[in-house]
Amino acid sequence: MCGIVGVVCDENCQDYIFEGLKLVQYRGYDSVGICQKNGEQLKIDKTKGLIDKLITKTTPLPGAKVAIGHTRWATHGAVSEENAHPIEGKNKEWVVVHNGIIENYQQLMCDLQKEGEVFKTQTDTEAIALLLSLNNFDSPIKNMIWAIKHLKGSYAICAVKKQEENCIYAAKYKSPLYAFCNDEIAMLASDPICFPEGDYYKLEDGELCVAKKGNIVFYNMRGEEIQKTKQRFQKIRAMADKGDYQHFMLKEIYETPEALKRVAKNFLNVDFGAIKKLKFKNVKLIGCGTAYHSCLMGAAYFRKYLKIDAEAIFASELRYDDYVIGPHTLCIFISQSGETADTIAALEKAKAKKAKIISFTNVPYSTIASLSQIVLPISAGPEIAVASTKAYSCQVAGLYLLTQALKSEKHFYKAIKQVSELAQTTEKFFVNMADFAQDIAQKQKIYFIGKGSDYITALEAALKLKEISYINCWALPAGELKHGTLSLIESKTPVIVISTNKSVHEKVMNSALEAKSRGAKLYLISYKPPQICELENFEFCLSLPKAPQPLLCILAILPMQLLSYNVSLIKGYDPDKPRNLAKSVTVE
Ligand code: AGP
C-alpha cells in the first residue's frame, strides 16, 4: 500500500512533502521518509513511526528544489528504518519511493545478485532502484521504461536521479498516481488531495511522466510523448480537523446524524431509472471488511423487499472463485475509499464477465467510481480513522433507500422520511459506554450473537472491537452457538447479544441463555427494555430508541462503535491508527 508524494518547487519543498504525507497517511503509517535533492546533493531521512517523528528529525537541505516522500505499510521486509522509503540504488544514483507490490521480486533479486548487485534492504522496491541504476541510457526516462518492463505486479513510482536536473520521474501500473502543475510547482501523489486547488492529471496504467516546475511531460511505454487532459478537482477527502474531539474516530461517530441527513438528500438526486434500465435478474454485492458487512445488509434488503436473488461476496474471494456472474447480474461494489485493491480486481473480473456495474463509494474520483457504469454516493464526508463508522451507517441507509426506490416511488419517499427521522433519533443516542468498556477491556475473548440482520451487526461490532482493541472477538448467528462454539464458553465468558427483531427475539434469548447456563456473562442490546424477570440474566442492558425495523441496525451499531472506541482508549491504544492496519488497503 503506502502513500507517496513528490514535489518540484523553488523553496520549502520538505514542507509540501510533510503536508502531503499527512494526507495520504490513511494508506499506511508504520514508517516514513523523505529524500531532498539540490542538484547532485541528496539527503535522505527516514524513521519508524509517524510523520511528526520524521519532521522532528529532518533538517532542510539548503537550496533543495525537489523532494520525494513516502509513508509505508510494510509488505516486504520488517517495519524498520532501513526498509522505510526512499530506497536508494547503487551509489545513490537513483532514489525511489514506491507504492504497490513487485510480485517477481525474488526472481529479480536473484538476477540482480548474479550481476553483482547487493541488496541493503528487505524491500521489493530496492529491485526497482537497482534496475534503474543498471544502464546509462541517453535519457533517464529510458531507464524508467527499461526498469519497469522487468516488473510484474503493481507500482506507482516516483524517482529522482542524482546527476539529473531538478525533476521527478514517475510511472504507474495498478497503483494510483496523480500529477499537478502550475507555474510555481509540480507535484505527484497517490491522491490528488495533496495538491493545491486546481485541476490535476490522473496517470493511467503504463504511463510515465517527467515532472519539472511548471511543466509535466507524459510518456507511454514506447517512450513517445502523450497528451493528457486534466480532471476537475473535487476536494472531498480533505484533511478533516479533529476539532474538540480527542480522536477522528469519536468525531466521525458523532457525525453520523449529519451524514445520514446527507444520504437522504443526495439519494433524491440519484437516477434510479438508469438503474432499472440495467435489466438484471440477480444481484451480487461485493466489498471487504466493514463494506462487506454493508453488502450482507444490502443483500438481505434485496431479498426481503424485492424478492431478488441477492448475495454478498468478499471481493478477495470473488477474484479467485467461480461465482456465476454474467450479463444479467447486477454487481454493486461497496467501498468507502474506492481504492481497495481486492474490490478493484473483483470489479474488473465482473466487468470482463459483462455484469452490470454499480459502485457505492465515498470518493467520487476514486478508481472504483471511474470503472463503474453508475456511481452512488455514500455521502459520509471525510472518514479519517481507520475504523469505519459513519460510512458504514451511510452505506446501510443508502442500500435501504436503493431497494425502496427499486420497489416503488411511494416506498422510496417513505424511506427518505424514515432515514431523515433516523438521523434525528441518532442525534440523541450517543450513550455513555465507559463503564461497559471498563468491564470488556479486561477480557481475552468476546462473542457477539444475533439473528438475521442482528448477526450482521454482530459481525460489524466484532470487527470494530478487534480492530482497535486487539481483543479476540467472534460473531456468530445465535442459533449456531450450539453447533460447536458453545464448547468455548466458560465461566464469565462475555457474550454480547443483539436483538432488534421482535419476531425472533425469543429465539435469540434462548441461545443467549444456553450460553449463560455454561457460565457466560450476557450483555444485551435490544429493541425493547428487558422485563424485570429477565434483568438478572444480563450484566448490562441497552434498549434502542424506536425506529423502523430495517433501520434499527444503524442504531444498534452506534453503541458498539462507542464501546470499541472506549475499550481502545482504556487499553492505551490509538483508536485512529490501530497496529498493522491502514485506512485504504491498496494491495492484494
Ligand atoms: C473497517 O473498520 C476496516 N478498516 C476495513 O474493514 C475496511 O472497511 C475495508 O478495508 C474496506 O475498505 P473500503 O470500504 O475503503 O473498500
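Using only Cα atoms and rounding to the nearest 10 degrees, what angle (0 to 90) does helix 13-24 make with the longest principal axis of the chain?
The angle comes out at about 30 degrees.
How large is the charge dipole for the chain, taken about the Cα centre, if only the Cβ atoms of Lys, Arg (+1) and Asp, Glu (-1) carry charge, to the nearest 20 debye?
So the dipole magnitude of the chain works out to roughly 1840 debye.
As a test question: what accessible area, to the nearest 10 Å², does His505 have when a 1.4 Å probe is rolled over all protein chains in place?
10
Between beta-carbons, use under 9 Å as the cut-off and find the net charge around Ala179, counting Lys and Arg +1, Asp and Glu -1. Kindly include the intermediate steps, with their values, before the conclusion.
On the way: positive: Lys202, Lys228; negative: none.
Residues close to Ala179 contribute a combined charge of +2.
Taking only the alpha-carbon atoms of region 487-588, what semi-axes of the equivalent ellipsoid follow from 5 times the gyration tensor eigenvalues under a square root, in whole Å, largest first?
One finds semi-axes of 28, 19, 14 Å for region 487-588.
Of Ala345, Ser408, Phe248, which is farthest along the charge dipole of region 248-427 in the positive direction, counting Lys and Arg as +1 and Asp and Glu as -1 at C-beta?
Ser408
With angles folded into 0 to 90 degrees, how steeply does helix 289-306 sit against the dominant principal axis of the chain? Use alpha carbons for both and round to 10.
Taking Cα atoms only, the helix is inclined about 50 degrees.
Between their Cα atoms, which of Lys284/Lys356; Lys161/Lys213; Lys276/Lys307; Lys37/Lys213; Lys92/Lys149; Lys281/Lys407 are more than 20 Å away from each other?
As for pairs spanning more than 20 Å Cα to Cα, those are Lys92/Lys149.
Using only the alpha carbon atoms of region 295-387, find the Kirkwood hydrodynamic radius as the inverse mean reciprocal pair distance, in angstroms to one decimal.
In region 295-387 this quantity evaluates to 13.6 Å.
Of the heavy-atom accessible surface of the chain (probe 1.4 angstrom), what whole percent is carbon and sulfur?
49
Any idea of Thr56's accessible area? Nearest 10 Å², probe 1.4 Å.
Surface open to solvent at Thr56 totals about 120 Å².
Among Lys428/Lys492; Lys445/Lys521; Lys261/Lys502, which pairs are too far apart, with a Cα-Cα distance over 23 Å?
Beyond 23 Å: Lys428/Lys492; Lys261/Lys502.
In region 190-223, which GluC sites (Glu not before Pro) fall in coil by DSSP and have 11 or fewer other Cβ atoms within 10 Å?
Sparse-neighbourhood loop GluC sites (Glu not before Pro): Glu197.
Cα axis of helix 256-267 to longest principal axis of the chain: angle in degrees, 0 to 90, nearest 10?
Compared with the principal axis, the helix lies near 80 degrees.
At 1.306 mPa s and 10 °C, plugging the Kirkwood radius over alpha-carbon pairs of the chain into Stokes-Einstein gives what diffusion coefficient in µm²/s?
Values: Rh = 25.3 Å.
Answer from the Stokes-Einstein relation: 63 µm²/s.
Among Ile44, Leu581, Ser366, whose Cα sits farthest toward the positive end of the charge dipole of the chain (+1 at Cβ of Lys/Arg, -1 at Cβ of Asp/Glu, about the Cα centre)?
Ser366
Choose one of Ala78, Gln227, Ile157: the residue whose Cα lies farthest towards the positive end of the charge dipole of region 3-238 (beta-carbon charges +1 Lys, Arg; -1 Asp, Glu; about the Cα centre).
Farthest towards the positive end: Ala78.
Largest first, how would Asp183, Asp309 line up by accessible area (1.4 Å probe)?
Most to least solvent-accessible, the answer reads Asp183, Asp309.
Out of region 481-573, which GluC sites (Glu not before Pro) are coil in DSSP terms and have no more than 13 other C-beta atoms within 10 Å?
When the GluC sites (Glu not before Pro) of region 481-573 are filtered for loop state and at most 13 Cβ neighbours within 10 Å, Glu490, Glu536 remain.
Return P(r) of region 3-238 (all Cα-Cα pairs; 5 Å bins starting at 0; whole %; ordered from short to long distances).
Going from the shortest bin to the longest, the percentages are 1, 7, 16, 21, 22, 18, 10, 4, 1, 0.
Are there GluC sites (Glu not before Pro) in region 1-48 that DSSP puts in a loop and that have at most 16 other Cβ atoms within 10 Å, and which ones?
Glu11, Glu40
Summarise the long-distance tail of P(r) for region 248-427 by giving the % of C-alpha pairs beyond 20 Å.
That tail contains 48 percent of the Cα-Cα pairs.
Distance check, please: which entries in Lys507/Lys546; Lys265/Lys466; Lys22/Lys57; Lys43/Lys174; Lys390/Lys577 exceed 23 angstrom between their Cα atoms?
Lys265/Lys466; Lys43/Lys174
Which aspartates and glutamates does Lys90 reach when only Cα atoms under 16 Å apart count, and residues fewer than 8 places away in its own chain are ignored?
Correct list for Lys90: Glu40, Glu82, Asp111, Glu115, Glu117, Asp124, Glu126, Glu164.
The values are calculated or read from the model by the stated rules, or taken from the named source; none is laboratory data. On a predicted model such as this, the values are computed, not experimentally measured, just so you know. Neighbour counts run over all protein chains shown; Cβ positions are idealised from the backbone, glycine included. Accessible surface is based on the protein model in full, side chains and every heavy atom, while ligands, DNA and RNA are left aside. Shrake-Rupley method; radii C 1.70, N 1.55, O 1.52, S 1.80 Å.
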